[in-house]
Amino acid sequence: MRVVMTGQIGMDKKHYLEAVEQLAGERGAPIEMFNVGDMMYAEAPDVRKGRILDLPLSRLHTLRRAAFKDIISETRPVDEHPNILINTHATFRWRHGLFSAYDFDQMKQASPNMLICLMDNIEVVHHRMHKEHDIDATLKDCMVWREEEILATELLAQALGCHNEFYILSRGRHKETIETCVRLVTRPDLKRVYPSFPMTHVVGMPDVLAEIEEFRRRLAEHFICFDPADVDEKLLLDRALEARESKEEWLDVTPHQFGGRSDGEPIRVSVQEVLDIAGDIDGQIYMRDFKLIDQSDMIVSLIPELPGGGPGLSSGVERELHHAWEHTKEVYVVWKPKRSPSPFITETATQIFASVDEALEYFAAKGMFPEVNLFGH
């Protein structure tokens, strides 16, 4: 695959992609990496690190064109460079305002056949951005920029004629999503799956969370999984609402806490800034999860049994299943409660299973498990 990966500033894409490059090499499918930002700095040794976006737009444009000219030259002929990945941006929202980060004529010459927009929890992006750059940006600014980056990347994919190979990828749980990225670029034979499960209303149920975590892990052993829990801003909003009631002004947030996981050091976040983006969080979850389903081949949903015997069937999961069915995806449901599912489940499911084991046996029998090497094992 010839891939262009975008994403707003604050993603730390370079270090993430170094891990992707290393893992792909270990798998015998090396990926050639081109970091446009580094190449622009190499063209401008007089510019201090972290300050290149402060240059006049005319010079930025010249430096970027020089970098892309080198990439185009170094990746010819195309058949001798099967896997390349260009690390760049689609847009910049900086002191110059909002402006494009690419030239379409050069993007066309680079001949990408896949575009990926990388994203992460917004409080983590905000923290990295302020750690690395001297700029005053709010959580709201970061949310707006993320929407612009996704939309600009999707429009670029459409203009290049590869709209069916546009993906949103959450950086999320670092090790797992590196695996996802490597597979997406080097293993087009693998099925792309959206794992669906209840989230917010099971947070206080450790046994159910453990069951969901195991479900996610086992699907990830065999498929390319676009996991909605890799970005968990709804939990951030819930905590901010609780903090407002107790008159707290700040939250200490440990990134990616869904299911009891904690990756990274705590980040201090303004409660008011989180409350200011409440509508953005809900709106982007709604948009993003449907896009993750659209870019998948199938949805596999776990409906756990809650304490008391009821089904862990949230409105979000129901809506995801309905959306997948309406968009002609394969819909598989693992139904754990003793109570039978309603016709709204049975009539819109390709197949219903009583356990994850049963589902995996079915997928194996259907030939959905090409040989996969997860995390080097």
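The values are calculated or read from the model by the stated rules, or taken from the named source; none is laboratory data. This structure is a prediction, so every number in the text was calculated from the model and none was measured. No Cβ is skipped: glycine too gets one built from the backbone with ideal geometry, and neighbour counts run over all protein chains shown.
Observations
- Restricting the range 129-146 to residues that are surrounded by 15 or more Cβ atoms within 10 Å (Cβ to Cβ) and in a loop (DSSP other than H, G, I, E, B) leaves a set whose member that is farthest from the chain's Cα centre (by Cα) is 135.
- In the condition set (1) more than 30 Å from residue 97 (Cα to Cα); (2) in a helix (DSSP H, G or I); (3) in contact with a strand residue (DSSP E or B) (Cβ under 9 Å, 6 or more places away or on another chain); (4) aliphatic (A, V, I, L, M), residue 182 is compliant with all but (3).
- When 79, 105 are screened for being over 24 Å from residue 154 (Cα atoms), assigned by TED's automatic domain parsing to the domain that holds residue 122 and assigned to a helix (DSSP H, G or I), only 79 passes.
- Checking each residue in the range 35-51 for being surrounded by fewer than 17 Cβ atoms within 10 Å (Cβ to Cβ), free of Cβ contacts under 8 Å to residues at least 60 places away in the same chain and under 18 Å from residue 91 (Cα atoms) picks out 38, 51.
- Residues that are touching a residue at least 60 places away in the same chain (Cβ under 8 Å) and crowded, with 21+ Cβ neighbours inside 10 Å within the range 151-167 comprise 153, 156, 166, 167, listed in sequence order.
- Apart from one condition, residue 169 fits all of (1) in contact with a Phe, Trp or Tyr (Cβ under 9 Å, 6 or more places away or on another chain); (2) modelled with pLDDT of 95 or more; (3) assigned by TED's automatic domain parsing to the domain that holds residue 303; the exception is (3).
- Screening the range 192-217 for residues that are more than 28 Å from residue 11 (Cβ to Cβ) and assigned to a helix (DSSP H, G or I) and picking the one that is modelled with the lowest pLDDT gives 201.
- Taken over the range 26-53, the criterion of being assigned to a helix (DSSP H, G or I) and within 25 Å of residue 119 (Cβ to Cβ) is satisfied by 36, 37, 38, 39, 40, 41, 52, 53.
- Which numbered condition residue 65 fails, given (1) modelled with pLDDT of 95 or more; (2) in contact with a Phe, Trp or Tyr (Cβ under 9 Å, 6 or more places away or on another chain); (3) not in a loop (DSSP other than H, G, I, E, B): (2)
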